[in-house]
1. Report the residue count in segment 157-188 for those that are of a type in the set (A, V, I, L, M) and loosely packed, with under 14 Cβ neighbours inside 10 Å.
2. Can you name the residue in segment 171-201 that is touching a residue at least 12 places away in the same chain (Cβ under 8 Å) and β-branched (V, I, T) and, of all such residues, is farthest from S115 (Cα to Cα)?
3. Within segment 138-147, identify whether any single residue is out of contact with any strand residue (DSSP E or B) (no Cβ under 6 Å at 6 or more places or on another chain) and either over 22 Å from I68 (Cα atoms) or without any contact (Cβ under 8 Å) to a residue 40 or more places away in the chain (or both), and answer yes or no.
4. Looking only at residues that are exposed (fewer than 11 other Cβ atoms within 10 Å of the Cβ) and under 30 Å from E177 (Cα atoms) in segment 124-152, which one is nearest to the chain's Cα centre (by Cα)?
5. Filter segment 148-170 down to residues that are touching a Lys or Arg at 6+ places or on another chain (Cβ under 6 Å) and either farther than 19 Å from P99 by Cβ or touching a residue at least 60 places away in the same chain (Cβ under 8 Å) (or both), then give me how many there are.
6. Return the total of residues in segment 64-77 being over 12 Å from N119 (Cα atoms) and in contact (Cβ under 8 Å) with a residue 40 or more places away in the chain.
Amino acid sequence: MRRNSSIFTFLIIFLAGVYPAFAQEQNVAVNEENRAAFEQALKNYESQKQREQAALTKRLQINLNIKIDAWLENAKREKDSLTGKRLAQNWEKLALYFPISPSHYEYTLLDFKYSIAKNDVTKAESLSSPYKADVVINEDLYVEKSHSPDISDRLPYFYTVTTSYTLHFTSRHEEFELVNTDKRITNIANKVPDEVIRKAF
């Protein structure tokens, strides 16, 4: 009986010393598993949000491109109707900055070209319009300054007038709306592309 009592006492002492260490190891293992599972769940969530953001950005860019194409089609239609005609303009006011006469002259539109210089979608600080876009479109008008019909050299009368249009868009329900447009002449050069000259002669 005394021997059994000694063994029982030994087991109590042994378990009292060993079990806390064992329990602590088990807690550490559980905590490590929980942390790893949380980190994986966080990575999965971030990856999902990145995929959703990429898909939204793509949809917004497609919608913006549609709006840009519509603007370009309208601008080209207008310039097509003016090709071969005298343009309403007051470019002489820019004679301080560009190589043109300070006196008023008429210019005939020979041809034109449009190019997109900037097409950016960015986040905006607005809940109702969370995205915005600023699009810069350059318009080159190839014109001929009025002159006497019997001149021997027409080349000095050809000009390229470059106008920069900045289109400001805001988003609403994943669609862009044009809110305003800035316009300024950025260059007037006393030359035009060779193909325009060939068509003019």
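1. 1
2. If we take residues in segment 171-201 being touching a residue at least 12 places away in the same chain (Cβ under 8 Å) and β-branched (V, I, T), then I197 is farthest from S115 (Cα to Cα).
3. Filtering segment 138-147 down to residues out of contact with any strand residue (DSSP E or B) (no Cβ under 6 Å at 6 or more places or on another chain) leaves 146-147.
Now narrow it down to the ones that are either over 22 Å from I68 (Cα atoms) or without any contact (Cβ under 8 Å) to a residue 40 or more places away in the chain (or both): 146-147.
Scanning segment 138-147, I find at least one residue that is out of contact with any strand residue (DSSP E or B) (no Cβ under 6 Å at 6 or more places or on another chain) and either over 22 Å from I68 (Cα atoms) or without any contact (Cβ under 8 Å) to a residue 40 or more places away in the chain (or both), so the answer is yes.
4. It comes out as E125.
5. 2
6. The qualifying residues number 3.
Yes/no matrix, rows are residues, columns are (1) touching a Ser or Thr at 6+ places or on another chain (Cβ under 7 Å); (2) under 30 Å from P130 (Cα atoms); (3) modelled with pLDDT under 90:
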{"residue": "Q48", "(1), (2), (3)": "no, yes, yes"}
{"residue": "L56", "(1), (2), (3)": "no, yes, yes"}
{"residue": "I62", "(1), (2), (3)": "no, yes, no"}
{"residue": "N65", "(1), (2), (3)": "no, yes, no"}
{"residue": "I68", "(1), (2), (3)": "no, yes, no"}
{"residue": "R77", "(1), (2), (3)": "no, no, no"}
{"residue": "T83", "(1), (2), (3)": "no, no, no"}
{"residue": "P102", "(1), (2), (3)": "no, no, no"}
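The values are calculated or read from the model by the stated rules, or taken from the named source; none is laboratory data. In this text, all values refer to a predicted model and were calculated from it rather than measured experimentally. No Cβ is skipped: glycine too gets one built from the backbone with ideal geometry, and neighbour counts run over all protein chains shown.
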